[in-house]
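Just so you know, all these numbers are worked out from the coordinates, no wet-lab data involved. No experiment lies behind these values; they were computed from the predicted model shown. Note: ideal-geometry Cβ built from the backbone for every residue, glycine included; neighbour counts use all protein chains shown.
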Amino acid sequence: MSNIVVCKVGDLDAPAREWVVHVFGRELAEDEQVTVMVFPPGRTPLPTERQTAWERIKHVLDKAGDNMRGIPEEDFEAALDEAMVHIRR
């Protein structure tokens with residue numbers, strides 16, 4: 001059994017369409033698609049786990065900042081643009 005359903009707005013019955021309009025707070029075009037995915041509930045991390053994760057992220061960001069020291073902003077922007085062209089091929 002699939003946990004993902006994709007359908008066109010035009011194929012939704014009235015109650016389903018009203019629910020989607022309510023959730024998104026706007027009218028929907030007939031040719032738009034709606035995707036619904038169902039996941040089992042996840043475990044909420046403990047406060048200590050959240051703090052550890054934040055410290056790891058902060059460490060990575062601090063290291064990235066240290067690595068950027070002395071690099072002109074124009075060089076960074078050029079490298080970023082080049083990487084985005086490479087990734088989006």
Within segment 68-89, considering residues that are of a type in the set (Val, Ile, Thr) and in a helix (DSSP H, G or I), the one surrounded by the most Cβ atoms within 10 Å (Cβ to Cβ): VAL85
Of all residues making up segment 41-89, the number that are touching a helix residue (DSSP H, G or I) at 6+ places or on another chain (Cβ under 9 Å) and small (Gly, Ala, Ser): 0
Pair list, Cβ < 6 Å and 6+ apart or interchain, from segment 1-14 residues that are in contact (Cβ under 8 Å) with a residue 12 or more places away in the chain to residues that are assigned to a loop (DSSP other than H, G, I, E, B): ASN3/VAL38; VAL9/LEU28; VAL9/GLU30; VAL9/GLU32; GLY10/GLU30
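This table checks each residue for (1) surrounded by 10 or more Cβ atoms within 10 Å (Cβ to Cβ); (2) touching a Ser or Thr at 6+ places or on another chain (Cβ under 7 Å); (3) part of a loop (DSSP other than H, G, I, E, B); (4) not basic (Lys, Arg).
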{"position": "SER2", "(1), (2), (3), (4)": "no, no, yes, yes"}
{"position": "ALA16", "(1), (2), (3), (4)": "yes, no, no, yes"}
{"position": "TRP19", "(1), (2), (3), (4)": "yes, no, no, yes"}
{"position": "HIS22", "(1), (2), (3), (4)": "no, no, no, yes"}
{"position": "PRO40", "(1), (2), (3), (4)": "no, no, yes, yes"}
{"position": "ARG43", "(1), (2), (3), (4)": "no, no, yes, no"}
{"position": "ALA53", "(1), (2), (3), (4)": "yes, no, no, yes"}
{"position": "ASP66", "(1), (2), (3), (4)": "no, no, no, yes"}
